[in-house]
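The values are calculated or read from the model by the stated rules, or taken from the named source; none is laboratory data. For clarity, every value in this text was computed on a predicted model and none was experimentally measured. Methodologically, a virtual Cβ is constructed for each residue, glycine included, from the backbone with ideal geometry; neighbour enumeration extends over all protein chains shown.
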């Protein structure tokens, strides 16, 4: 993403899904409900998860720290996190 801007929920969900697909190309999102732990459902190991965090950070244009990892367990939580973080980051860059 060129230049960080706030994401709405739909945009954040797209970023999350595209990022997961970059790590797990055959990810079947029909198996993942919004509040499911997608790491378990999609069988992401630790290295996959770290790759996902890196891609999410790049795609959203915001830093994601290790302390943030617990907020990236479900699609719903990940979307909420990205919406909040991009808004905060955009406001801090003004």
>> So, residue 68, is that one modelled with pLDDT of 95 or more, more than 25 Å from residue 30 (Cα to Cα) and surrounded by 15 or more Cβ atoms within 10 Å (Cβ to Cβ) or not?
In response: yes
>> Going residue by residue through region 72-88, is there one that turns out to be farther than 15 Å from residue 9 by Cβ and at pLDDT 95 or above?
In response: yes
> Restricting attention to region 19-41, which residues are closer than 16 Å to residue 83 by Cα and within 12 Å of the chain's Cα centre (by Cα)?
Replying inline: 19
>> When you scan region 9-22, do you find a residue that is touching a helix residue (DSSP H, G or I) at 6+ places or on another chain (Cβ under 9 Å), part of a loop (DSSP other than H, G, I, E, B) and over 15 Å from residue 71 (Cα atoms), even just one?
In response: no
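Looking only at residues in region 23-41 that are within 18 Å of residue 53 (Cβ to Cβ) and touching a helix residue (DSSP H, G or I) at 6+ places or on another chain (Cβ under 8 Å), which one is surrounded by the most Cβ atoms within 10 Å (Cβ to Cβ)?
Filtering first and then ranking leaves 38.
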> Is there any pair with a first residue in region 45-70 that is at positive phi and touching a residue at least 24 places away in the same chain (Cβ under 8 Å) and a second that is surrounded by 13 or more Cβ atoms within 10 Å (Cβ to Cβ) and part of a loop (DSSP other than H, G, I, E, B) whose Cβ atoms are under 6 Å apart and which are 6 or more apart or on different chains, and what are they?
Replying inline: 61/1; 61/4
>> Condition check: in contact (Cβ under 8 Å) with a residue 24 or more places away in the chain, out of contact with any strand residue (DSSP E or B) (no Cβ under 8 Å at 6 or more places or on another chain) and farther than 21 Å from residue 91 by Cβ. Does residue 79 satisfy that?
In response: no
